[in-house]
There are 2 protein chains.
Amino acid sequence: MSEEKPRKRRGAGRVTLNTVARQAEVSAITVSRYFNQPEQVSPERRERIAAVVAELGYVPNLVAGGLASARGKIVGMVIPNISGPIFANTIQGFSDTLSRHGYQLLLASSYFSAEQEESAVRAFLGWSPAALVLTSHFHSAATEKMIAEADIPVIETWDYQPEREPLQIGFSHIEVGVAAARYLHGKGYRRIAFVQNSAPGDFSALERRDGYLATLRELGLKPRVFAPDADRPPFEAGKQAMEALMNASPRPDAIIFANDNLAAGGLLAGQRAGIKIPEDCAVLGFGDYPFAEMLLPSLSTIKPPALEIGVLAAKRVLESLGVLAVENEVQRLNLLECRVIEREST
Amino acid sequence: MSEEKPRKRRGAGRVTLNTVARQAEVSAITVSRYFNQPEQVSPERRERIAAVVAELGYVPNLVAGGLASARGKIVGMVIPNISGPIFANTIQGFSDTLSRHGYQLLLASSYFSAEQEESAVRAFLGWSPAALVLTSHFHSAATEKMIAEADIPVIETWDYQPEREPLQIGFSHIEVGVAAARYLHGKGYRRIAFVQNSAPGDFSALERRDGYLATLRELGLKPRVFAPDADRPPFEAGKQAMEALMNASPRPDAIIFANDNLAAGGLLAGQRAGIKIPEDCAVLGFGDYPFAEMLLPSLSTIKPPALEIGVLAAKRVLESLGVLAVENEVQRLNLLECRVIEREST
DNA sequence: TTGTATGCGTTATCAC
DNA sequence: GTGATAACGCATACAA
């Protein structure tokens, strides 16, 4: 009796490729081809297989496939924090684009910590992912080594460093700092301060500061940087900064915050202290978080291409896997634009 | 020469368990135990193995392990949308708790579509995940069938339906509707309206509405439900609702919005139209999105336990896998609380 | 505590 | 276009 299923140790009675093959009266490899290169299977058998697959509710075991091919249909992504209002869009765009092509997203967060990133990358590599997507170009030495040896596409997002080897999708944080300073200068502000992020590992924010510093010097203005206490929650950090700067002399007439959370904290603190925004002091953020347009006054900010980064990263991954046709020529660098969103606070 | 590596077809020259075993002069299974049950390996060999692992930079192949054990250290999660301000916290809590115990997160979004959820579940099952986490109890028949046959823990989050079999972690949306109506009634409002979500698949929001309806009838008040156009972006849907309701007669003196995005849209539209909030009309949201406290007037809302849901879901998963000790007795239901956050808009 | 034999479900290789 | 066979790298079962 071919019905007699031998008692297996583990996946007892599970429907496998062989079950389907037997029932459709073809070989296992033909069923495999039915899923991976359907055009190589004759239409007649295709139908037979399709019927059996539907009847048995067969789901291909991607783990076995991954082991056999040493390349799983899975892509690892490490992001500083999942719930952050900007990165969430990147994840969304990335995940959706991937899954539309049969790839799955393996996700972990690093909280701006190189160690956490390293352990995430290590864990991901154990799944022999088809590709890896990281954030920024700041990694531990061990991470650098792993990705160099992994022999899979690695993409760095939210950053742009021409001299680096990995494919990059993002923008220059230094240029954002430059653009912020120039924009405020163009509006007539002259005592422009910069408030750093309170998260210690956010090196990209420091690059924005550096762009600001260089630009102010270039313009012959005196830069003024305020650093909130490390690890202070962003709203409070913004408040702390605003209070400190408003009591300083000379008092700034415009403040660039490292991100919108800080800016919102600063904005509210300023209003509470009776400071008119933007008349007494302009406020500029970064991120264009959803609430930016809902504040009173609404928050001027610099909008990073968060969703585009995710979508483009997925496209580049799929391209380098041969799943998607390559757009134009192969581009090693993918520089996107940040836009200044002018609202009421400047 | 034992150095002579035979040319392999696929993972040519890759460092495997056997490479480590040979170099450490132990058997492969001992190295396997070193990773999975270290306490069963003698300290002396542990050291030897550790040294070789570090030297070779060996990373266990989780794909092979998953195939052999028919249970990967991976957990699938389907969430309506990743970038939504509330679900993001659930993902964050879930992912972090999992990864702290060596499990990885496989993530997909459904956009409130049962079909997309189904295809995500199907793809996940191919990875033989250790567990599956879904949102709400609304699934397609095929999904129900798959999770019933999968023989792995399945947890439903953001919901609570006592009669259902799967483990649930969440709260009763009906009760949220009840609480919202009772709260406003308690504050003296009598013409209380409800604005539905514009996303058609958000059935949980409809349950909140049902709770509202039941309560208003119970209180002897006349309910009034407004449904914005389907798929209209939330801010605009809120605006549409507010404008429609303010021109209605009798005009409501309080509005419950299906979520904070709608509420924010309504709030701004109301102010623009010269309506004083909460004097002319109170506004209550749901979600406690980050911007809620930053609006002017700040938005009263109902705060769901987003982060806790994620953390608790991960804990329950790990418990049922035997990774974590079970808290107290095994609980099939995990009912969490939503709190009314009273701010200026009510 | 440690080791041997075997199989997990698929795909690469090569032959037809 | 189709199939037989041998890996892929690890963990289970059982023995020592």
Taking the label point 7 Å from Cα along the Cα-Cβ vector, the copy-to-copy distances for B:GLY188, listed from shortest in nm with one decimal, are 4.6
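Run the dipole for region A:173-303 about the Cα centre, Lys and Arg Cβ at +1, Asp and Glu Cβ at -1, nothing else charged, and hand back the magnitude in debye, nearest 20.
Details: 15 positive and 15 negative charges, 98 e Å.
Dipole size: approximately 460 debye.
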Given only helices, namely DSSP H runs of n ≥ 4 each adding -39500 (n - 2.57), what is the per-residue ellipticity at 222 nm of chain B, to the nearest 500 deg cm²/dmol?
-> -13000 deg cm²/dmol
How many partner chain Cβ atoms sit within 10 Å of a residue's Cβ in peptide B:74-82, on average, as a whole number?
-> 3
Loop only per DSSP, at most 13 neighbouring Cβ atoms within 10 Å: give me the GluC sites (Glu not before Pro) in region B:256-346, ordered by residue number.
-> B:GLU279, B:GLU327, B:GLU329, B:GLU337, B:GLU342
By Cβ neighbour count within 10 Å, fewest first, B:PHE291, B:PHE235 rank B:PHE235, B:PHE291
Amide N of region A:71-115 lying under 15 Å from the label point, which is placed 7 angstrom from the Cα of B:GLU115 along Cα→Cβ | A:100
What residue of chain A sits with its beta carbon nearest the rotation axis taking A to B, and at what distance in whole Å?
-> A:PHE291, 2
Go through region A:54-65 residue by residue and turn each phi into a ³J(HN,Hα) via Karplus (6.51, -1.76, 1.60, θ = phi - 60°); whole Hz please, and just put x for glycine and proline.
-> 5, 5, 7, x, 5, 10, x, 7, 6, 5, 4, x
If you take the Cα atoms of region A:173-303, find Rg, then find the Kirkwood Rh from the mean of 1/r over all pairs, what is Rg/Rh?
-> 0.92
Per GNM of chain A with C-alpha springs under 10 angstrom, the most fluctuating residue out of A:ARG232, A:ARG100, A:ARG224 is A:ARG100
From fewest to most C-beta neighbours within 10 Å, the residues B:THR97, B:THR301, A:THR19 line up as A:THR19, B:THR97, B:THR301
Checking A:ALA148, A:ALA50, A:ALA205 against a Gaussian network model of chain A (alpha-carbon springs below 10 Å), the top fluctuating residue turns out to be A:ALA50
Can you tell which of A:GLU163, A:GLU55, A:GLU144 shows the greatest fluctuation in a Gaussian network model of chain A with Cα springs below 10 Å?
-> A:GLU55
State the Kirkwood hydrodynamic radius of region B:121-191 in Å, one decimal place, computed from all pairs of distinct Cα atoms.
-> 14.1
Given charges at beta-carbon only (K, R positive; D, E negative), |dipole| of the protein assembly as shown in Debye = 660
Filtered trypsin sites (Lys or Arg not before Pro), region A:264-346: DSSP coil and at most 16 other beta carbons within 10 Å | A:LYS276, A:ARG332
Label model pair B:LEU324, A:HIS101: point-to-point distance (7 angstrom along the Cα→beta-carbon line) in nm is 3.6
Radius of gyration and maximum dimension Dmax of the protein assembly as shown, Cα, Å = 27.8, 93
Give the calculated FRET efficiency between A:ALA148 and A:ASP231 to the nearest 0.05, with a Förster radius of 41 Å applied to their Cβ-Cβ distance.
-> 0.80
List the distances, in nm to one decimal, from the label point of B:ALA28 to the label points of the same position in every other copy, shortest first, placing each label point 7 Å from Cα along the Cα-to-Cβ direction.
-> 1.8
Cross-link pairs A:LYS187/A:LYS303; A:LYS73/B:LYS73; A:LYS239/B:LYS187; A:LYS239/A:LYS276; A:LYS315/B:LYS73; A:LYS276/B:LYS239 - those with Cα-Cα distance over 22 Å | A:LYS239/B:LYS187; A:LYS315/B:LYS73; A:LYS276/B:LYS239
Using the Cβ atoms and a cut-off under 15 Å, what net charge is assigned to the surroundings of A:GLN37, where Lys and Arg are +1 and Asp and Glu are -1?
-> +3
So between A:LEU335 and A:ARG272, what do we pick up on full extension, going 0.36 nm a residue minus the alpha carbon distance?
-> 18.7 nm
Pair-distance profile P(r), taking every C-alpha pair of region A:16-112, with 5 angstrom steps and integer % = 3, 12, 18, 16, 14, 12, 8, 8, 6, 4, 1
How big is the charge dipole of chain B about its Cα centre, in debye rounded to the nearest 20, if each Lys and Arg gets +1 on its Cβ and each Asp and Glu gets -1 on its Cβ?
-> 580
Here, A:ARG14 and A:ASN247, labelled 7 Å along Cα→Cβ, have an inter-label distance in nm of 6.4
Label 7 Å beyond Cα on the Cβ vector: A:VAL326 copy-to-copy distances, nm | 5.6
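Each value in this text was obtained by applying a stated rule to the coordinates, not by laboratory testing. What you are looking at is a predicted structure, and each value in this text was computed from that prediction instead of being measured. Every residue, glycine among them, receives a Cβ derived from its backbone with ideal geometry; neighbour counts consider all protein chains shown.
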